[in-house]
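Mind looking over this structure? Questions follow.
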Amino acid sequence: MTARQAAMPETLSADEQYQNEILQGVSRTFALTIPQLPDALRPVVVNAYLLCRIADTIEDEVALTAAQKRQFAQQFIDVVAGRASAEPFAAGLAGLLSEQTLAAERELVANSARVLRITHAMTPAQHAALLRCVTVMANGMALFQANKTADGLADLAQLDSYCYYVAGVVGEMLTELYCDYSDEIKARREVMLMLAISFGQGLQMTNILKDIWEDRGRGACWLPQDMFRRHGFELRNLNPGQHDTKFGKGLGELIAIAHAHLENALTYTLMIPRREKGIRRFCFWALGMAVLTLRKINRHRDFTSGRQVKISRRSVKATIAATHLTNNSDAVARLMFNLAASGLPKAAASRSNVFAPTTTIINKSDVGQVH
């Protein structure tokens with residue numbers, strides 16, 4: 001009998017139903033993609049996403065000071081680890097959340113104990129993967145929040161680090177969960193972990209680019225100053241509605257880097273055995289939507305709101321439909337990716353070192369034959 005089966009099955013069943021319901025409120029995208037996963041992985045990944053969303057809520061809450069964010073981040077780590085009770089944490093944080101935090105996120109925080117009961121009923125390997133992810137993410141977010149500025153990050157290395165803390169570590173966690181689930185995937189663990197960081201960075205960079213103006217409205221900017229300065233633009237002068245071609249050139253360079261990371265994401269996805277159709281769909285859907293978003297950003301570099309570059313429901317449906325073609329053929333998957341990414345700028349091979357220390361653009365020939 002597993003730990004999950006041994007720990008109050010009726011309570012866990014009700015809690016799992018709750019976490020599935022709250023997922024619909026906090027993320028339509030993941031509410032769409034996570035159900036594609038195998039039954040053994042689905043509740044664990046839902047739980048992992050909700051834990052990350054709580055950590056993200058702490059990071060984004062405008063009413064909290066940097067010191068309060070560090071305090072709640074450490075409390076949350078202790079709660080996930082089982083060293084502290086969830087109820088005081090939930091009550092303390094929920095009471096301080098402002099109206100700027102989504103109602104569904106406020107509800108999630110208030111009901112943290114329900115989510116944590118599922119976390120603490122996981123197998124040791126699953127719990128260890130989630131705890132490491134939350135620890136790295138919460139500490140990293142608190143570090144960057146304490147030093148955030150509307151003038152942007154100092155350089156690309158800082159952007160790499162930020163992306164690792166908020167997304168790369170999630171890729172590592174998911175890979176560990178896949179390895180725990182499948183011995184065949186576990187045999188490819190070392191290379192997949194490296195690719196997973198790049199996968200996460202590709203998704204996160206796409207979100208950063210899409211949310212430039214919304215982040216700036218909150219007093220934050222996650223763009224690297226050094227890259228835009230090379231093109232003669234200072235991020236402190238960034239204003240919506242006043243597009244500068246020099247800014248557009250810097251944006252294009254970041255789009256090219258994100259594109260390269262998404263190519264790594266494709267390689268990662270193709271390393272998953274074809275028989276694991278659910279995991280491949282989960283990855284393909286996230287990858288496809290990111291590529292289409294990136295292409296839209298590239299075509300409209302003068303956009304002034306994330307809504308202007310958000311992909312349509314029709315594009316989402318097209319991504320889902322394309323999955324049926326890509327799941328059974330790696331060649332078709334690469335063809336579909338290249339078609340979706342057509343027109344995106346390419347990162348120069350000579351700039352591959354900009355991904356150190358957290359990520360590296362991986363040449364497909366270095367991965368070898370995996371099927």
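Could you tell me what a quarter of the Cα convex hull surface of the range 3-367 works out to, in nm² with one decimal place?
17.2
Test of understanding: what is the full-extension gain from Arg229 to Arg275, defined as 0.36 nm times their sequence separation minus their Cα-Cα distance?
Result: 11.8 nm gained on full extension.
What is the distance, in nm, between label points placed 7 Å from the Cα along the Cα-to-Cβ direction at Asn20 and at Asp78?
About 3.5 nm separates the two model spin labels.
Obtain the nm distance between the two label points defined at Ser312 and Ser329 by a simple spin-label model: each point lies 7 Å from its Cα along the Cα-to-C-beta direction.
The two pseudo-label positions are separated by 2.7 nm.
May I ask which of Lys249/Lys296; Lys69/Lys310; Lys249/Lys310 have a Cα-Cα span longer than 23 Å here?
Pairs exceeding the cut-off: Lys69/Lys310.
Return the distance in nm (one decimal) between the two label points of a simple spin-label model at Asp39 and Gln68, each offset 7 Å from Cα along Cα→Cβ.
4.5
Okay, next question. List every residue whose amide H lies under 5 Å from the amide H of Leu153, counting only residues 5 or more places away in sequence or on a different chain, with H placed 1.01 Å from N in the peptide plane.
Residues meeting the criterion, in which the H sits 1.01 Å from N, are Leu223, Gln225.
Let me ask you something else. Between Arg218 and Leu96, what length in nm is gained on full extension when 0.36 nm per residue of separation is reduced by their alpha carbon distance?
Extra length available between Arg218 and Leu96 comes to 42.2 nm.
Mind sorting Ser305, Ser98 by how few other Cβ atoms lie within 10 Å of their own Cβ, fewest first?
Ascending Cβ contact count within 10 Å gives the list Ser98, Ser305.
Once you have all Cα-Cα distances for the range 199-344, histogram them in 10 Å bins from zero and send the whole-percent values.
11, 41, 29, 15, 4, 0
Within straight cross-link reach of Lys277, meaning Cα distance under 25 Å, which lysines are found once same-chain residues fewer than 8 apart are removed?
Lys186, Lys317, Lys364
Can I ask one more? Take the Cβ-Cβ distance between Leu339 and Ser85 as r, set R0 to 56 Å, and report the resulting FRET efficiency rounded to the nearest 0.05.
E(calc), rounded to 0.05, equals 0.60.
Residue by residue, what Karplus-based ³J(HN,Hα) values in Hz, rounded to whole numbers, does the range 305-315 have, using 6.51, -1.76 and 1.60 with θ = phi - 60° and x for Gly and Pro?
7, x, 4, 6, 10, 6, 6, 7, 4, 5, 5
Mean residue ellipticity at 222 nm from the helices of the chain, using -39,500 (n - 2.57) per DSSP H segment of n ≥ 4 over the full residue count, to the nearest 500 deg cm²/dmol?
-21000 deg cm²/dmol
Expressed as a fraction of 2.2 N^0.38 Å, the rule-of-thumb size for a compact globular protein of N residues, what is the C-alpha radius of gyration of the range 122-234?
Against the compact-globule rule of thumb, the ratio is 1.22.
Of the options Ala91, Asn147, Ile257, report the single residue whose Cα projects farthest towards the positive end of the charge dipole of the chain (beta-carbon charges: Lys, Arg +1; Asp, Glu -1).
In the chain, that residue is Ile257.
Taking 8 Å as the Cα distance limit and 6 or more residues as the minimum spacing, I'd like the relative contact order of the chain as a percentage.
17
No lab work stands behind these numbers, since they all come straight from the coordinates. All values derive from a computational prediction rather than experimental measurement. Counting neighbours? That spans all protein chains shown, and the Cβs are built from the backbone with ideal geometry, glycine included.
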